[in-house]
Amino acid sequence: MEHEDPRNGESTHCSSKKPKISSKFISEAEIRGEFSHHQPCMARINNGSFGSCPGSVLAAQRQLQLQFLRQPDAFYFNTLRDGITASRKIIKDLINADHVDEVSLVDNATTAAAIVLQQIGRSFAEGKFQKNDTVLMLHCAFQAVKKSIQAYVTRAGGSAIEVRLPFPVNSEEEIISEFKKSIEKGKSNGRKIRLAIIDHITSMPSVLIPVKELVRICRAEGIDQVFVDAAHAIGSVKVDVKEVGADFYVSNLHKWFFCPPSVAFLYCKNSNVSSDVHHPVVSHEFGNGLPIESAWIGTRDYSSQLVVPAVLEFVNRFEGGIDWIMKRNHDEVVKMGKMLAESWGTNLGSPPKMCAGMLMVGLPSRLCLNSEEDAVRLRSHLRDYYEVEVPLFYQALKDGEEGVRDKDGFITGYARISHQVYNTLEDYEKFRDAINRLVEDGKTCKMLCIE
């Protein structure tokens with residue numbers, strides 16, 4: 001590869017330092033200790049929103065923060081760049097990228113979306129794309145992604161097409177069918193689809209998307225670029241960027257991979273397009289390639305990007321490592337979801353094979369969750385009065401649509417439960433019993449008090 005920047009870490013073709021593997025696997029008591037900083041008595045079944053960072057990784061982060069504060073110049077010149085390169089090498093191996101210069105570390109998936117969509121917006125503004133060309137995305141795409149399209153694409157003359165996905169969903173084929181219909185719509189009247197944005201795991205409602213199949217469809221249909229928003233993926237499902245085949249792939253490291261907030265990796269497949277992507281914060285590194293631009297965006301705390309080796313040491317304390325953790329989280333969230341649905345007489349939002357570490361579970365219709373405001377009220381009530389933290393989702397019934405029913409009416413409310421290594425059966429029993437108590441007391445969402 002020509003003109004390699006030595007800060008990418010592969011000019012000498014040395015392999016990254018292998019993580020330590022403990023001869024003694026972590027115990028349940030040690031897991032409890034690693035997360036003892038969590039609020040006591042709170043049933044925290046919402047790992048999907050902010051993730052969780054073990055105490056040993058927080059201690060490593062604190063040492064890096066103090067090292068910077070003791071002698072910032074030495075840290076900048078002797079530690080920061082090599083440390084970020086070491087983290088990128090680990091991610092490169094985890095996701096099966098070809099080269100470390102395909103991997104950049106950024107704050108979060110929102111930052112990555114801005115990077116990709118600014119590049120698309122520039123092409124519209126510079127006349128490379130026609131004014132009626134479009135961007136394709138799922139209707140349940142993260143709101144920040146939709147706002148980025150508004151900020152960078154539609155303002156420059158582009159348009160957006162949303163793929164309406166069914167929910168509850170029964171099969172991958174339902175998603176694939178709707179995706180194909182939207183591509184046909186997007187290409188109507190001579191338009192070209194310049195970018196498809198595909199979630200690997202949708203946030204709300206949470207569903208594992210058949211991303212490899214959708215990317216293949218995009219290639220067959222001649223869509224210019226594909227960006228996979230996989231905010232929830234790494235540490236939750238296997239990630240192989242070469243198998244996925246997208247041009248861009250982002251995943252947060254602080255959600256399911258135990259990093260402190262906030263850090264994500266952005267994979268950019270080596271191509272002519274990847275040379276035209278830039279970090280939205282411009283520093284003196286502008287023009288040196290996205291990995292180098294992202295490694296210095298001014299004075300700030302970079303410690304979350306530097307602790308990836310410590311995270312790898314933590315997950316390797318589990319017998320089977322990250323693969324075992326992913327399987328256990330999936331198996332347990334399905335088990336807990338089925339337990340809740342059976343107790344409440346409701347349903348799951350997707351088949352077990354279409355979830356990872358999160359699962360949607362229907363709430364009893366007697367709660368009368370009939371709006372987003374009702375969902376917020378019930379969630380706050382559960383937090384304040386029952387010490388349960390769980391996100392809730394309102395699924396509006398559309399005209400002429402047959403919804404899912406329980407014995408009392410249509411189910412329009414769902415809980416998104418997560419499972420991570422610190423969770424216990426008692427967390428889900430606490431949630432189960434809180435909902436059953438509200439139903440037994442004849443409470444509806446609008447009747448609930450919040451602090």
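The values are calculated or read from the model by the stated rules, or taken from the named source; none is laboratory data. Model, not experiment: these values are computed from the prediction. Neighbour counts run over all protein chains shown; Cβ positions are idealised from the backbone, glycine included. Accessible surface areas use protein heavy atoms only, side chains included; no ligands, DNA or RNA. Shrake-Rupley method; radii C 1.70, N 1.55, O 1.52, S 1.80 Å.
What the table below lists for this structure:
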{"item": "Extreme residue, nearest to residue 273 (Cα to Cα), among residues of the range 129-150 that are at pLDDT 90 or above and more than 21 Å from the chain's Cα centre (by Cα)", "result": "129"}
{"item": "Output for the range 130-149, where each listed residue is over 26 Å from residue 210 (Cα atoms) and among the polar types (S, T, N, Q)", "result": "130, 132"}
{"item": "Qualifying residue in the range 408-417 (condition: over 23 Å from residue 352 (Cβ atoms) and either in contact with a strand residue (DSSP E or B) (Cβ under 9 Å, 6 or more places away or on another chain) or open to solvent by less than 20 Å² (accessible area, probe 1.4 Å) (or both))", "result": "yes"}
{"item": "Unique match (being on the phi > 0 side of the Ramachandran plot and in contact (Cβ under 8 Å) with a residue 24 or more places away in the chain) among 426, 387", "result": "387"}
{"item": "Single residue of the range 152-192 satisfying the filter (of a type in the set (A, V, I, L, M) and out of contact with any Leu (no Cβ under 8 Å at 6 or more places or on another chain)) that is farthest from residue 207 (Cα to Cα)", "result": "156"}
{"item": "Some residue of the range 418-432 being touching a Phe, Trp or Tyr at 6+ places or on another chain (Cβ under 7 Å) and of a type in the set (Gly, Ala, Ser)", "result": "no"}
{"item": "Matching residues in the range 146-204 - criterion: being part of a helix (DSSP H, G or I), open to solvent by less than 30 Å² (accessible area, probe 1.4 Å) and either free of Cβ contacts under 8 Å to residues at least 12 places away in the same chain or not β-branched (Val, Ile, Thr) (or both)", "result": "148, 156, 179, 182, 186"}
{"item": "In the range 372-425, residue farthest from residue 255 (Cα to Cα) [restricted to those that are of a type in the set (Phe, Trp, Tyr) and over 23 Å from the mean Cα position of the chain (by Cα)]", "result": "410"}
